[in-house]
Structures are given as structure tokens and as C-alpha cells.
Amino acid sequence: MTPADMPALLSAAAVVVAAPLAGAVAVALGFRRGNPRGLAVAATTAALLASLTITFLWSRSDGTGVAFGERLGGGSFVCIDGITAVLLPYVALVELVILLVAPRRSLEPGAVARILFGAAATCGLFLTSHPLVLVALWCATVLPTWISVRSTPGGAGAARVFAIAMAAATACMAVGTVLLVLDPPWSGASGLAGDAGGWLVAVAVMIRKGIVPFHSWYPKLFSGATMSTSLAATMPQVASYTAVRLLIGHADHPEGVATELVVLAQMALVTATYGAALAIVQRSLRSLIGTLAMSQSAMVLAGLAGTLPMELNGAFCVWLSSGLALTGIGLVAWALESRAGEIRLETLQGRFWDAPALAAFFLLFGLSGIGLPGTLSFVADDLIVSGSLDEQLHAGLLVIVSTVLCGVAMMRGWFHVFGGPVDPDGPRHSILVRERVALTMLLAPLFVLGLWPGPLVRALDRATSRLLAVPAASAAAAGHPAEVGGLQESPQGR
Amino acid sequence: MTNHDAISLLVVCQLAAPAATLALVGLPTLLGRPPSEKITARIVGGGFATGFVAGLITLAALAVRGFRPEIVHLGSWFSVGHHEATVDLVADALSVPYVCFSTGLCALVNAFAGKYLHREPGFTRFFLLLAVFGTGMNLMVLAGSIDVLFAGWELLGISSTMLIGFFLERGNAVRAALRAFATYRVCDVGLLTAAVVVHRAVGSGDFERLFGENWPNGTCLVPATTATIVSLLLVFAAMGKSAQVPFSGWLPQAMEGPTPSSAIFYGALSIHAGAYVLLRCESLLEQAPAARWLLIVIGLGTALHANVVGRVQTDLKSLLAYASMTQAGLIFAEIGCGWRVIPLVHVVSHAILRSLQILRSPSALHDRHELEAALGGHPGADRWALGRLLPERLQERLYRIALDRGYEEMVVGRLFVVPFLALLRWAADLERRWLAVLAGEPHDGGGRP
């Protein structure tokens, strides 16, 4: 990246946060009150384009992380590196498609303002590594979700469970981060308080990611809140990002990864397997998606604790592939529900001839989530299984069992929703144009990155190698310096 | 253009032709503009025909040079650290004839299905899945690395599942599809783990680093322990796809799918996918006597089981399913004996005969009447059946065992599936109770999760 690119990079970063924020304010103030979808879609499209600009500018660089603004506890106010460049467009895309597919009755101005505010906070979080800003944005992403769940008819129980979980997580996160900042273990000081802080942050990550035994809120959120709220709250995986920023890549971690994260990873492996197994016996489509999301999210955390770039790379690929696939399935489920009510899985629902196009999208997203060759999840599974087995035999075996169970649960879900006797007098629904566009936008990256994964994997290889302070093979081959340069050093590269 | 370039181009063509039809039919369908029946059948059939012709030309080119193998390096799919997934294809005495055979058969079934499924709801879906199957099959057969082989293997499993459940309105079809998928998925663990072991052993998934490139006279290039582990994992994977005991219960149920897909999957190609993989890795098996003995035991056990159970089936497609299983078992045993050409000939001849029988099965009554008319009466019972030589009590016992399908399903169900599902339901119910407490809601009664 040349110095000439810096203003463009900063402007793009500002647009990513400002566009949805401005949209939220505008909708809250009453602009386009009758149909706020257009405004919201425009705002999130601007955020998506800006995030793609960041990715493009970063891809022209030598992989160096760039940091701007105040630095504290090893983090910077604005931090743009390989992780940001890869994950930010994903977050913006998820927010955009949620707004495109949402049924009109779910888009009352208050709900739209909350979605946009949440999008701005989440995008902002993915642009920082400053510990206190992370805590503030962590809270900012929780609040709109909780208000949305509480305002959902029949969502009081889910709101209560969510509030209990998030209050505990946020408290742990805030106290832990402050302790980490006051007595950073990586600075060579006593580090005792910092160690306690690290463990508190780990507990916060566990709760927010729904790791056993703090997993109950995950499926409950999916069954009690609107799909937009559930997807926006879980798919970006805010807690995984926090773990990456606070628990990976500091000098005191001999292999680049904090002890807390290694322990977290063991719990995450259990969660990934347990969630996938539970998904097989779920009684409703929403709880199926919830348990699968819990399992896949845990799989990401399990991979993040890897000390090999391959495993970390696999974790990021699972992050993207499972996120896109589950968002797609969630949106298809929402579209089906908006037409004919809740979908149960105890019996065959026979919905194929009611909505064949939605069935096709559900199937494609489902297969894209369980390792269909030619999709990103195939690459992700290959990397994470190989990486896990390289590192620990039991981890690899649990990952394999989890992928097997996820596959069975996913196919059971599809066959139970779309298979079964057809009601000849039942309704027939065709897919709407905006739904088709949104679902295609979501599906395209899964297939494009699956068939041509080289650029993504290379980008992640560079990013993860820097995180682990291991010189990337590709960087070495290309003659790039292993040390971080650029406008200002990224803390992860030291 | 050099000889290598020409063969490379032809090999790519064999793979790309069915894959391209997938895009040509799939994309317009996804965008809401599916092509007509005629165009759909022609596009997919054209893809298979192109692959078949390309295969024949490659075969001729290979024959001219004495079947010296040609490795086609299409480059690195992705690589991280020491882990590299390469896209390597191989044109040799095993892969090219097998591609000709499989694409030719697919083209014939394509032509049959164009008429057979005329005006059937799901016509386009069938042909799309057939194209997925053809692509997966060619990918698996031409694979020069275990990564590519695994990709093809997975496509085979998914297309098979979706075609078993093709008639979605039938509950039995859906249950059969789920059962087949679960079996495939469990056994795929073998291939996935084998791929990882191969990567760790030789640094990549390339077959040439594993056993050279000279089929059927390759040399095992890894230690005997590694060869044994990989071989055992491959045998486990092959058992699922080829319906070997104790993973055979899904096959008779799989006949719920449309007749053309039953013919090509369970009479011809999919059922022999396991045998193909074992033949491809024959050099490893040579160094793994334990795996070979296991193959013989499993193969003969399956053949005996399927032969006995098949005798009491009352519908033709189930009978044919058990007949396929018997032959697949025998082929496994032949591979276990260390033979190479005999199992290959057995695969091809069995596939052709069985797919013809399954395709004709909807007309079985008509055929029977024609036979009786030609003979001027009933053909009569088989007086020389070996079973009749057994003591009567043993015959009765075997009859009971056959009626219960060899107790295979009962044993697998009671020992593994039922306890596993019961445990999961118990856990899910506990979860719901705990959530009800957290949410301050009354529990919904604790029924089945």
C-alpha cells in the first residue's frame, strides 16, 4: 500500500461506519417512514462498497497492517490488517442481505434503525483493536439486539435469557479488559492482574459465543427473536474477533496464542460436537439453525487457538463459509415463515411444491455449509481438519465428528421441511425478486471462493502468519519483509 | 501442440463437459428461467457424449503409446504452509477406459430418462443431479490426488442422496435418502482421514508420491504401517458407498428413487465407486495384508448375506438391489485376493447387466408375459437351486433370517442408532427444561425433542 492510498483507506473506513449510522439516524428521525427499506439498503450498500474498497487497497499492499489513532494495551483506535480486509465485507454483506430479504412487516422504522445502528457498531468493532473501544462497541452491539428481542411478540423469555447472558459477558469483558490494560501480561510487568483479566475476557468470549456451558441463549435467541435480530447478533461473531485481537499474537505467548484461548478451544471443540449432535433432534427449523450456528461458531473458536497458520486459516474460512451459509438458510426460513407460519420438524412439512425456488436456495446453502466440493466450506473443512489433526489427534477427530453430524442435521432439516405429502389446496408462493437477488448475492461468494480459493487463502495465510508472528511462506517467497512496516506498526506484527 | 498437451486437453474436456452442462442448466433454473425438457435433456446428454468421445480419443492416444500414464497438473488449488491441495488428473490404463464406460452409460441413461420422465415434475432437477453425478464420477475416476478424489466422492454421495429422495412427497423416499446420506457421511470419515494421513506422510495428496504412476504395477512409496492405516481407512470408506455389511441396509431402500437413477447408481456406477478407489490404491493394499484379509471377509460376508436375503424379496427392485450387493461383495473379495484385471472386468460386466435389468424392471411383467408366450407356458422353478440341497431345518432357519434381512438392521439399530438418538433427545429435553427456568417460562411438557 502506498502512502497515497492512506487517505482513501481512512475515508473508506469512515464510510463503513458512518453510512449505516447516518441511515439509522435518518430513519429514527422519520425519513422514509412509510418504507424505510430503500434508505437502509442504500446505507448498507455504501458500507459494503466501502469495505470492498478497503479489501482492494489492502490487497495491493505487502500485507502490512496499518494502525491509526490512539494506542492502548497493544491495540489501536483504527486497525486495518488482513483480518479486517477479509471480514469487513462479509459483515457488511450479511447486514445488507438481511435488509433485502426482511418481510415488509418486520421493517417498521424502529426495527430498521436498530438494525442499522447495530450494523454500524459491528463494522466499527471490526475496524478497531483498541481494548476500550472494543468494550464500548461490544456493549453497542448488544443493546439494539436486546431491545429488538424484547419488542418481539412472545420474545420476553428470549430477551430475559439474552439479558442474563450478555450482562454477564459484558461485565467480564469490561473488567477483564481494564485489568489487561492496567497490568498487561505481555509488557514484562508482574502480569498477575493482567492474567486474571485475560481469563475474564476468555469467559466473556465463551458466553458471547455460546460455548458450553454458556450456550443456552444461542438457540433461544433464534426461537424467540426475529430472524434479522438473531442473524445480525450471531453471524458476525463479535466474540471471535475480540479473541483474535486480545488473545492472539502477543509477545508473552510462546506460540503466539494465549493459554486462555487454548483452554477455550477445548471447550469450543466439545461445543461444536455437542451442538451438531443436538441439531439432529431439534423440533423446529429455527432451533435447528440456532444449534447449527452454535456449533459452527464454536468450530471457529476451536480453530482460532491453533498454533499453525493452516488451522487459523481454516478457522477464518469456516467463519466466512458457515456465516454466509447459515445466513442464507436463516433468510430462506424467514421467507418461508413469512408466507405460512412456523416450520416444525417433527413431521415432514411437504413445502417443496409450495416454494421450489426457496427449496433450491435452502439446499444450496445447506450443502455449502457442510462441505460440498466447489464451495468455500469444502476448503474450510479441509484446512481445519488437516490443521487440527496435525496439532492434536483428538481435536481433529472431534472436528470430523462435528462435520459429520452437522451434515446429517442439515440434510434432515431440508428433507423435513420440503419433503412429505403435498397439500393440493395449500398456498403456492413464488420467490420475490429482492429475495432472489439477495440470496444470489450471498451464494455467489460461497461458490466463487470455493472454486477459486487461492487469493482468499493466500490473504489469510499472510494475515494469520503475522498474527502468530510466523513469517508467511508466501511473503518470504515473494521477497516481502516479514516485519510489519507501513504508516504505523500494527501491534500484532511486533 | 505436443502429445502431452493434447492428452491434457482431452482429459480436461472429459471433466469439463458434464460440469459445463451443470452450469448451462443450473444457472437459468436458479434465476427462474429453466430450459425446456427437450433442451435440458439435450444439453446434459451432449455433455456426456462429449466426455465419452473425448475419452475414446484419449484411450486411442494412450493405446498408441502403450498405455504410458499421463499426469495432468492443473495447478495448485490452494496451499497453506506444507499443506497443498493440487488439482492433478491422471490418464492411464484404469482411469480412461473407466471414464469411457461411465460417461457412455450416463449418456444412455440420459437418453432413456428423457422419455421415461417426460412431464414428470422435477424433470430439470433429475437432469441437474445426473450432471452433478457425472461430474463427480469423472472427477473421482480421473483424480490424480486424494483431494480431487474426495471431491468427486462427495459429489457422488450428494447426488445419490438427492435422487433417492427425488419423489419428495413420499415419506419412504425421504427416509431412505436420509438413511443413505447418514451412512455415506459416517463412512466418508474414512476417506477424509485417509486424505489427512496421506498429506502427513508424503506432504501432498498426489498419488504419484504415494505409489508412483504406473497402474497396475505401481510401487508403494510409503512405509507399510502408513500403507496399512490408509488402506484400512479406504476400506471403511468404500464399505459405505458399496453397501457392504454392516452398512448395507440403505441400498434396498435406495430403490425409492426414479428407475433411471437406480440403474446408474445402484446397478452400475455408484455401487462400484468403492471398488474403483480400492483398485486405484492397489499398491497400498499390496503392502497391507490386514486390509486385504478384511476385504475378503467383508466381501464374502456381504455376498452371502445379500444372496440369502435377496432370495425372499417380493419386489423386483429390492431383489435387484440385493443382487447388486452380492456382486459388489464378490468384487471386494477379488480385490482382497490381490487381483486387478478380474475385478475390473467384473465391475464393468456387472454394471452393464444390472443397469439393463433395472431399466427394464418397470416392464418386467410385460417381459414375463412375452417369455411365457414364447415358451407356451410357465418357465418352471429352478430345480437345481443349491439351497434345496441343504437340510430342511436349516432351510427354514435361513428363511427366517432372510425375512429379517439377516438381523443386520436390528443389530445396527439397537446397538448404535436408537441409543444414540435417545441420548440426544434426553439432552435436548434437559436443555429445554434449563432454558425454561432461565426464561421464567413453564416447560412445554417434555415430549420428544
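Could you please report the charge total around B:VAL309, scoring K, R as +1 and D, E as -1 over all other residues with beta-carbon less than 12 angstrom from its beta-carbon?
0
Which lysines, if any, have their Cα less than 24 Å from the Cα of B:LYS241, not counting same-chain residues under 8 positions apart?
B:LYS317
Assuming a ≥ b ≥ c are the square roots of the Cα gyration tensor eigenvalues, decide whether the stretch B:302-449 counts as rounded (a/c under 1.5), prolate (otherwise, with a/b larger than b/c) or oblate.
prolate
Give me the inter-chain shielding for A:401-409: mean count of other chain Cβ atoms within 10 Å, whole number please.
Going residue by residue through A:401-409 and averaging, the value is 4.
Magnitude of the Cβ-charge dipole of the protein assembly as shown, K/R +1 and D/E -1, about the Cα centre, nearest 20 debye?
The calculation lands at about 2240 debye.
Fewest Cβ neighbours within 10 Å first, please rank A:SER61, A:SER151, A:SER11, B:SER95 accordingly.
So the residues, fewest neighbours to most, are A:SER11, A:SER151, A:SER61, B:SER95.
Give the shape of the stretch A:248-473 as rounded, prolate or oblate, defined through the alpha-carbon gyration tensor: a ≥ b ≥ c are the square roots of its eigenvalues, a/c under 1.5 means rounded, and otherwise the shape is prolate if a/b is larger than b/c and oblate if not.
Note, shape of the stretch A:248-473 comes out prolate.
With the radius of gyration and the Kirkwood radius both derived from the Cα set of chain B, what is their ratio Rg to Rh?
1.00
Using only Cα atoms, tell me the angle between helix A:309-340 and the longest principal axis of chain A; keep it within 0 to 90° and round to the nearest 10.
20 degrees
Can you name the helices of chain B, as whole DSSP H runs, whose Cα span along the helix axis is 20 Å or more and whose Kyte-Doolittle mean is not below 0.0?
Within chain B the helices that satisfy the rule are B:3-30, B:37-64, B:95-116, B:123-142, B:146-164, B:171-202, B:224-241, B:289-310, B:316-336, B:341-360, B:418-439.
Any chance you could check the Cα centroid distance between the stretch B:249-326 and the stretch B:155-214 for me, in angstrom?
Comparing the Cα centres of the stretch B:249-326 and the stretch B:155-214, I get a distance of 15 Å.
Once you keep just the Cα pairs under 8 angstrom separated by 6 or more residues, what percentage relative contact order results for chain A?
Averaging sequence separation for qualifying contacts and normalising by length gives 16 percent for chain A.
Please report, to two decimal places, log10 I(q)/I(0) for the stretch A:355-477 at q = 0.21 Å⁻¹ as given by the Debye formula with identical point scatterers on the Cα atoms and no solvent.
-1.23
Sort A:82-90, B:289-297 by the packing proxy (mean of other Cβ within 10 Å over each peptide's residues), most packed first.
A:82-90, B:289-297
Under the classification rounded if a/c is under 1.5, otherwise prolate if a/b is larger than b/c and oblate if not, where does the stretch B:87-131 fall, given a ≥ b ≥ c as square roots of the Cα gyration tensor eigenvalues?
oblate
Would you tally the net charge around A:SER240, using a Cβ to Cβ cut-off of less than 12 Å, leaving A:SER240 out, and scoring K and R as +1, D and E as -1?
Local net charge: +3.
What percent of all Cα-Cα pairs in the protein assembly as shown falls into each 20 Å bin, going from 0 up to the bin containing the maximum distance?
14, 45, 33, 8, 1, 0
Taking K and R as +1 and D and E as -1, what net charge do the other residues with C-beta under 11 Å from the C-beta of B:GLY338 add up to?
For residues surrounding B:GLY338, the net value is -1.
Using only the alpha-carbon atoms, how far is helix A:131-151 inclined from the longest principal axis of chain A? Give it as 0 to 90 degrees, nearest 10.
The angle comes out near 10 degrees.
Please report the spacing between the Cα centers of the stretch A:395-458 and the stretch B:369-411 in Å, no decimals.
46 Å
Output the 0 to 90 degree angle, nearest 10, between the alpha-carbon long axis of helix A:37-59 and the longest principal axis computed from the alpha carbons of chain A.
In chain A, helix A:37-59 runs at an angle near 40 degrees to the longest axis.
Taking the Cα centroid of the stretch B:118-145 and of the stretch A:141-155, what is the distance between the two, rounded to the nearest whole Å?
With the stretch B:118-145 and the stretch A:141-155 each reduced to a Cα centre, they are spaced 45 Å.
Every read-out reported here was derived from the displayed coordinates using simple, explicitly stated rules and does not represent laboratory data. Remember, it's a predicted structure, so these values are computed and weren't measured experimentally. All Cβ positions, glycine included, derive from the backbone under ideal geometry; neighbour counts span all protein chains shown.
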